[in-house]
Amino acid sequence: MINRLVIFGATGDLNARYLLPALAALWTAGHLDNGFQLTCVDRADWTDEGFRRWAVDQLDRHGLSSSADARKAIVESARYLRADATDVTDVASAIAGDGPVAVYLALPPAIFPGTVAALRGAGLTPGSRIVLEKPFGEDLDSAVALNQLLSEVVLEQAVFRVDHFLAMTTVQNVLGSRLANRVLEPIWNSAHISEVEIVWDETLTLEGRAGYYDGAGALKDMLQNHLLQVLCLVAMEPPLSLGERDLRDRKIDVLRSVRRLTDDDVVHRTRRARYLAGRIGDRDVPLYVEEEGVDPRRGTETFAEVELELESWRWSGTIFRLRTGKALGHDRKEVAVRFRPVPHLPFGDGEQGAPNVLRFGLEPEGMTLALTGVGPDGRTLAPLTLTAQLEAPGLPAYGRLLLDVLQGNAALSIRGDEAEESWRVLAPVMSAWSRDLVPLLEYPAGSDGPARPGGAARST
């Protein structure tokens, strides 16, 4: 297990909200000890003590689920280095030390190539690992170039392209539930499932992330990585094991089976929109284009929806709808598996029960199954809902990811060919949207999103 971690971009939101609390959780659980060394690197002109005071504040805000001793230990293990992440000399100073090191690029994706090139020039100790946050590149060509550059520094097994969705217990439960239960796996196919919705709707707006988000948009920020990863777990064939090769091979099969979208498909099967001024709960939300740091000329979407089909024996005829949006009226973060109706019901005058729906709640965690039962008179139908109680995860998602990195378990990281295939899936959408073949709709903040065709939403 590696006991040295270097974080580039260490004064940013990712380190403050997720990585430092995750390290404290690992310490609380006994996975880290006094031999652990943390080097935090950024361009801010801070001292060790200045960084540690900042780290204490962040852990007091975001890491209170960990023990006070663990939070103190993580802060004391940290040293700060002012450096340019693309300068070979600076990078060499940051990674210097005995033994292999895990290098975490908590940086904007545009800086990845420069930092990886600097790591190549500085030279990593054998056994070291590189960790990259999504998105991996900005399109297919840049993803291919980044993978080539990484291959010149470390072996593929030492590259951790992390997506914290894969480490969420509820996301893993999608795969576990279908594979561990005989009642589900035989009907987990298009003969019984008409549609799968993978949704991440949130009331949050930009929350200070305009610098990144306005250059990415909802499609690249959420759908191209997080939601496609969930799609893979929903639709993959049963792997021989959960080892890194078996699991990732089956995910690749899913991505390769996605039917390529034509321009006409993109027009009829995708939607994009951005939010107008509105009210969410007790707060007023301005127009997206008036948010601080937003460039209206970019035409960035805050809502994206894509319908996909898989060309495979198991899934031909099932619709997979991936959707994400910001500044909506309600949080809805789930996988909804909708089963086809039964062919005949001997109740009433043609009465039809609602189709069964199996819902995996992603945040908050949960699982429900909507069934149809008999009403109190014995002749009519009534809804029946079964709810499962899930235990809280032992580690937060980023804690699980960091532990995998330090231990060298790459099963939940994204392989290079998988990262490229994800871009291929959505390349036709990106191309058609860039040519304005799909109108950029608008929706009031606090609403349910843009209206369906024929509704009241306006295009811009």
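Listed values, structure above:
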read-out	value
Relative contact order (%) - segment 96-220, alpha-carbon pairs under 8 angstrom, separation at least six	21 percent
Candidate lysines - alpha carbon under 25 Å from Lys220, same-chain residues fewer than 8 apart omitted	Lys134, Lys251, Lys326, Lys333
Charged-residue dipole, Cβ positions (Lys, Arg, Asp, Glu), the chain about Cα centre, Debye nearest 20	560 debye
Using alpha-carbon coordinates, inclination of helix 112-122 to the longest axis of the chain, degrees	30 degrees
Built amide H within the under 5 Å cut-off of Ala10, gap 5+	Val41, Asp42
Residue-span extension gain [Arg120 to Arg298] - 0.36 nm each, minus C-alpha spacing	60.7 nm
Option label - Rg and Dmax of the Cα atoms in Å computed here, alternatives (1) 22.1, 68; (2) 23.4, 79; (3) 20.9, 60	(2)
Per-pair calculated FRET efficiency, R0 = 30 Å: Leu184 and Leu345 via Cβ, rounded to 0.05	0.85
Cleavage-rule hits, GluC sites (Glu not before Pro), segment 137-205, DSSP coil, Cβ neighbours within 10 Å at most 13	Glu152
Per-pair calculated FRET efficiency, R0 = 60 Å: Asp60 and Arg314 via Cβ, rounded to 0.05	0.80
Spacing of the two label points (7 Å from each Cα toward its C-beta) at Ala388 and Glu156, in nm	3.3 nm
Ala96 versus Leu381: modelled label distance in nm, points set 7 Å from Cα along the beta carbon direction	7.3 nm
Cα-centre dipole for segment 76-127 with unit charges at Cβ (Lys and Arg positive, Asp and Glu negative), debye to 20	80 debye
Cut-off under 5 Å, modelled amide H: who pairs with Arg274 long-range	Thr302, Leu441, Glu442, Tyr443
Heavy-atom SASA rank of Lys134, Lys251 (probe 1.4 Å, accessible area, largest first)	Lys134, Lys251
For Val258, residues with placed amide H under 5 Å, excluding near neighbours	Glu311
Euclidean distance between Cα centres, segment 107-138 to segment 403-452, Å	21 Å
Residue (of Asn409, Ser312, Gly30) at the positive-pole extreme of the chain, dipole from beta-carbon charges	Ser312
From phi via Karplus (6.51, -1.76, 1.60), per-residue ³J(HN,Hα) for segment 389-400 in Hz, x at Gly/Pro	9, 9, 5, 5, x, x, 10, x, 4, 5, x, 4
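The values are calculated or read from the model by the stated rules, or taken from the named source; none is laboratory data. Worth saying up front: this structure is predicted, and the values here are computed from it rather than measured. Neighbour counts run over all protein chains shown; Cβ positions are idealised from the backbone, glycine included. Quick note on the areas: whole protein, heavy atoms, side chains included, nothing else; ligands and nucleic acids left out. Shrake-Rupley method; radii C 1.70, N 1.55, O 1.52, S 1.80 Å.
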